[in-house]
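The values are calculated or read from the model by the stated rules, or taken from the named source; none is laboratory data. Values in this document were obtained by computation on a predicted structure and should not be read as measured data. Because the Cβ atoms are built from the backbone with ideal geometry, glycine has one as well, and the counts that use them run over all protein chains shown. Remember, those area values only see protein heavy atoms, side chains included, never the ligands or the DNA or RNA. Shrake-Rupley method; radii C 1.70, N 1.55, O 1.52, S 1.80 Å.
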Amino acid sequence: PHIFQVRAIDNAGNSDVTPASYNWSVDITAPSATLGPVTPDLRNSGVSSIAIGFNKAVTGLDLSDLTLTRNGVAVALTKASISGSGVNYTLSGLTNLTNLAGVYMLTLHASTAGIKDAVGNPLTNDASVSFVVDTVLPLADIIDVTPDPRNSLVTTIVISFTEAVIGVDLSDFSLTRNGTDVPLTGVIVT
């Protein structure tokens, strides 16, 4: 902060006991922005909203400051809306815009934005957040047991998936012999 003080003294040498003063601050720090996070960022459904945050209160944020892409191709934000004020904003209405499989990138472009803080410092840095929507169901394939037919016990069966999966355990499997269930007691899934 800056302080300017003036003490008045007349020609007779009388001085003002309470000097006049004026205080002011100079703020030349540009606001900065962050988008997101989107959680989970690997997901199987569209994102409903994304947070937009600033390190100080700003005005001037609108949809024209943002671009959304899927696999590098622009996605129009015509159905989206922005709410909030100060340091916290939310971009909403994204579910139907982000429900297709792909890699999404939301970017706030400082160079075209009219975003400013209370004293007029403009936003100078871009901000972005990315996430992946994967709507393709994984498929399982049981690798053929060879030889078939055989005269010995099968000790291992290999299952292959079309993409990485989680949560595979013994309860996901069943085995039958001649139409009758065979208990999988003692079987290990690795």
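The modelled label-to-label distance for the pair ALA101/VAL168, using points 7 Å beyond Cα in the direction of Cβ, is 1.9 nm.
Per-residue packing, averaged as other Cβ atoms within 10 Å, sorts the ranges 60-68, 41-49 into the order 60-68, 41-49, beginning with the highest.
Taking all Cα pairs closer than 8 Å and separated by 6 or more residues, the relative contact order of the chain comes to 19 percent. Looking at the chain as a GNM with Cα springs under 10 Å, which of ASN96, ASN23, ASN11 has the largest mean-square fluctuation? In the Gaussian network model the winner is ASN11.
Under the convention that each Lys and Arg Cβ holds +1 and each Asp and Glu Cβ holds -1, the size of the dipole of the stretch 79-190 around its Cα centre is about 340 debye. Using only side-chain charges placed at the Cβ, +1 for Lys and Arg and -1 for Asp and Glu, the dipole size of the chain relative to its Cα centre rounds to 240 debye. By DSSP, the beta bridges lying fully in the chain are antiparallel in about 95 percent of cases. Take the Cβ atoms of THR135 and LEU184, set R0 to 35 Å, and the FRET efficiency comes out at 0.65. Percent of Cα pairs in the stretch 127-190 per distance bin of 5 Å, from zero to the largest separation: 3, 10, 19, 21, 17, 11, 6, 4, 3, 3, 2, 1, 0. Taking all protein chains into account, the per residue accessible area for the stretch 25-104 stands at 53 Å² (1.4 Å probe). About its Cα centre, the stretch 12-93 has a charge dipole of approximately 440 debye under the convention of +1 per Lys or Arg Cβ and -1 per Asp or Glu Cβ, with nothing else charged. Considering only SER128, ILE28, PHE161, and ranking their Cα positions along the charge dipole of the chain that arises from unit charges at the beta-carbon of Lys, Arg, Asp and Glu, the one farthest toward the positive end is ILE28.
Taking the 1.4 Å solvent-accessible surface of the chain as the whole, the part contributed by carbon and sulfur is 55%. Each listed q (0.08, 0.15, 0.18 Å⁻¹) maps to a log10 I(q)/I(0) for the chain, found by the Debye formula over equal Cα scatterers with no solvent: -0.55, -0.93, -1.15.
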